[in-house]
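For reference, the structure discussed in these notes is given below.
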Amino acid sequence: MSAILETESRWLEVRGRRLHLHAVGDGPPLVMLHGGGADASLVSWGAIAPSLASRFRLYLPDWPGYGRSEAWSDTLRSADLPDVLERIRADLGIERLDVVGVSMGGMAALLHALAHPHRLRRAAVFGCGGLQDRAPYHALAWPVLHVPLVGPALARAQWRTYARRPGLLRASLKALLPTFREVPDELVHLVREELAQRRDHTVFFRWQRDEIGLHGLRTDLSDRLGEIDAPVLMLHGTRDLAVPVRYARAAAERLPRARYVEVEGGGHWLPREFPELSADRLAAFFAAADDDPAVSPGRERVALGAG
């Protein structure tokens, strides 16, 4: 669907580098934040943006080093994400944000809510980062990330190989989309395009190296979630390998105004795995009145068929 989505380009400067945003649609503003790895704005949101654009003015930024945005000379860290989002909010002239994030983008939304609570109206997060003390692959990842020269070389080799060999990329994406019988050609093409044009193939590696420490993750928001008073919609798959579902369940208990939707069998990339569900829930949540059931705290379990 992203191939038929015609967007406007907007640019702003953050720390002396150009940051790109796609803009499309009419209605109240909604900022949508993609994740890390081989992601970019239209990669994560291309399947649901067309339907949401009929109800909202969508702003889809590319994080520094992703999509069309320039990479920073130093490391993009988790602590930088809320500052980038606040710069975007101010540039767009939005008084109070409605924001959606997937994975690292979800972490950014929650970090911004903690740093600038008066600037958030509502947030929705898919496979949200920042909810756990250790990564599932922590013991293996730490030495690879911190051995000098080895990690960057492996990162470059990995992304370049995926860009050139669609079969390997398809198999890797399948782990994020466990209900899919086959990963759609369109998604494989989008990811290959992102990796082929990316100037710095170490941007995600450097973020991981900063985030994954010897004894745990640098960003674990578990003890601070109770400070977020705005409504938060959480959608999480029971087969999410990056953020195991137990962490999402615990986070939903700590967030004072969480509406938690657990998708049976879903993986880490629900906007791509279940685009209709994702778009419908986002539209209902952000368009609802404050006293509407779509915004009220609660828990729900959804079972859907294979893609």
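The values are calculated or read from the model by the stated rules, or taken from the named source; none is laboratory data. Computed from a predicted structure; not experimentally measured. Here Cβ is always computed from backbone atoms with ideal geometry, including for glycine, and neighbour counts include all displayed protein chains. Surface accessibility is based on the protein's heavy atoms, side chains included, excluding ligands, DNA and RNA. Shrake-Rupley method; radii C 1.70, N 1.55, O 1.52, S 1.80 Å.
Counting only C-alpha contacts under 8 Å and six or more residues apart, can you give the relative contact order of the chain as a whole percent?
On the way: 617 pairs, mean separation 57.2, N = 307.
Result for the chain is 19 percent.
Which far-off residues, 5 or more places away or on another chain, put their amide H under 5 Å from the one on Met234, with H placed in the peptide plane?
Correct list: Val125, Arg259, Tyr260, Val261.
Relative to the Cα centre, what is the charge dipole magnitude of the chain, using +1 at the beta carbon of each Lys and Arg, -1 at the beta carbon of each Asp and Glu, and rounding to the nearest 20 debye?
So the magnitude is around 780 debye.
May I ask you to compute the full-extension gain from Ala303 to Asp26, defined as 0.36 nm times their residue separation minus their alpha-carbon distance, rounded to one decimal in nm? Could you put the intermediate results ahead of the total?
Numbers: separation 277, 0.36 × 277 = 99.72 nm, distance 3.18 nm.
96.5 nm is the gain from fully extending Ala303 to Asp26.
Tell me the relative contact order for the stretch 144-291 as a rounded percent, counting alpha carbon contacts under 8 Å between residues six or more apart.
Working: 158 pairs, mean separation 34.0, N = 148.
With pairs under 8 Å counted, the relative contact order is 23 percent.
Taking only protein heavy atoms into account and a 1.4 Å probe, give the accessible area per residue of the chain in Å².
Details: 13140 Å² over 307 residues.
That works out to 43 Å² per residue.
Need the C-alpha centroid separation for the stretch 77-111 versus the stretch 229-289, integer Å.
One Cα centre to the other: 18 Å.
If you take every DSSP beta bridge fully contained in the chain, what fraction is antiparallel? Give it as a percent rounded to 5. Walk me through the numbers before you get to the answer.
Values: 12 of 40 bridges.
Taking every DSSP beta bridge within the chain, about 30 percent pair in antiparallel fashion.
What value does the chain have for Rg/Rh, both radii from Cα atoms and Rh as Kirkwood defines it? Mind dumping the intermediate values first?
Numbers: Rg = 17.9 Å, Rh = 19.3 Å.
Across the chain, the Cα-based Rg/Rh ratio is 0.93.
Hey, any idea what % of the chain's accessible area is carbon plus sulfur with a 1.4 Å probe? The partial results should precede the final answer.
On the way: 6710 of 13140 Å².
Carbon-and-sulfur percentage of accessible area, whole number: 51.
Against the empirical 2.2 N^0.38 Å scaling, what ratio does the C-alpha Rg of the stretch 246-307 come to?
On the way: Rg = 12.3 Å, N = 62, 2.2 N^0.38 = 10.6 Å.
Taking N as the residue count of the stretch 246-307, the ratio is 1.16.
What percent do you get for the relative contact order of the stretch 54-191 when only Cα pairs under 8 Å and 6+ apart count? Display every interim value, and only then the final one.
Values: 101 pairs, mean separation 18.8, N = 138.
Computed value for the stretch 54-191: 14 percent relative contact order.
Pick from Asp26, Asp291, Asp98: which is most flexible by mean-square fluctuation in a GNM of the chain where alpha carbon atoms under 10 Å apart are linked?
Most flexible of the set in this elastic network: Asp291.
Quick one: which residues, 5 or more positions from Val14 or on another chain, have an amide H under 5 Å from its amide H? H modelled 1.01 Å from N in the peptide plane, none for Pro or chain starts.
Those lying under 5 Å, H to H, from Val14 are Leu19.
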